[in-house]
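Input: a single structure, listed below in structure tokens.
The values are calculated or read from the model by the stated rules, or taken from the named source; none is laboratory data. What you are looking at is a predicted structure, and each value in this text was computed from that prediction instead of being measured. Don't worry about glycine lacking a Cβ; one is built from the backbone with ideal geometry, like all the others, and counts go over all protein chains shown.
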Amino acid sequence: MKIIIVGATGTIGKKVTANLKQDHEIIKVGSKSGDIQADITKPETLKNLFEKAGSFDALVSTTGVGHFGPLKEMTAEDFKVGLHSKLLGQINLVLTGQHYIKPKGSFTLVSGILSNDPVADSVNVSTVNSAINGFVNAAAQELENDVRINVVSPGVVEDSPELFEAFPGHIPVSMDRVVQAFRKSVLGVTNGEVIEVW
Ligand SMILES: NC(=O)c1ccc[n+]([C@@H]2O[C@H](COP(=O)([O-])OP(=O)(O)OC[C@H]3O[C@@H](n4cnc5c(N)ncnc54)[C@H](OP(=O)(O)O)[C@@H]3O)[C@@H](O)[C@H]2O)c1
């Protein structure tokens, strides 16, 4: 399979890439790193990405940021950080990528446990994660040519110890389980699923 991984050099993306590259062709994408540079917050760069990559079998997204901060200080501008990056950025990968993906291909996005189990200061990211899950649920009904779409929703991963203090009481999840969730989405048959790794 030819698989595009957006965020391939990140904490999660590099482990997903290492696993899938054993038996698949991988095109690594980042805003500054990777084989092709594209910025998910700049839709015009995504068309360039797909023109350069050519038709593909699967797109995996392990990228996108949100705003962390207390609700009482939050502004609309703060809130737009997650909307424009993690939410709309990943949605734009699908909106543009659907015109380049092969029949029976798949999209796999990333959300996270904060949709269901918020921590302090997570209002923006919790909202965005829920919206990504909703997008995938609905888009799965409409993608044409048997193209599938799923979202992996990890808990805080064991490879991100810098986040542990912000997630009191959360038990970090193993990276191997997260990687296997991405494999399930890309190589399996599931469609429209929020694959929870909690
Ligand atoms: N780490 C966790 O515990 C955890 C748990 C649940 C959910 N998640 C979610 O999983 C995703 C990845 O998390 P992570 O910890 O692996 O992040 P990370 O280590 O910060 O990696 C981010 C990756 O995305 C790329 N990137 C950043 N901005 C980009 C942009 N505007 N356009 C295209 N690529 C961009 C980076 O490459 P460049 O620098 O080259 O752009 C890098 O490859 C995030 O959405 C996060 O919310 C993470």
>> Can you tell me how many residues within segment 1-45 are closer than 18 Å to GLY66 by Cβ and either over 16 Å from the mean Cα position of the chain (by Cα) or more than 6 Å from the ligand (Cβ to nearest atom) (or both)?
In response: 1
>> For segment 153-172, which positions are more than 8 Å from the ligand (Cβ to nearest atom) and either in a loop (DSSP other than H, G, I, E, B) or closer than 21 Å to ILE5 by Cα (or both)?
In response: GLU158, PHE167, PRO168, GLY169, HIS170, ILE171
> Residues SER106, SER130: which one is among the hydroxyl-bearing types (Ser, Thr, Tyr) and either surrounded by 20 or more Cβ atoms within 10 Å (Cβ to Cβ) or not in a helix (DSSP H, G or I) (or both)?
Replying inline: SER106
> Here are VAL156, VAL123, VAL136: which of them is more than 18 Å from THR62 (Cα to Cα) and either among the acidic types (Asp, Glu) or modelled with pLDDT of 95 or more (or both)?
Replying inline: VAL123
> When PHE79 is evaluated against the numbered criteria (1) more than 22 Å from LYS102 (Cα to Cα); (2) within 11 Å of the ligand (Cβ to nearest atom); (3) not in a loop (DSSP other than H, G, I, E, B); (4) not hydroxyl-bearing (Ser, Thr, Tyr), which criterion, by number, is the only one it fails?
Replying inline: (2)
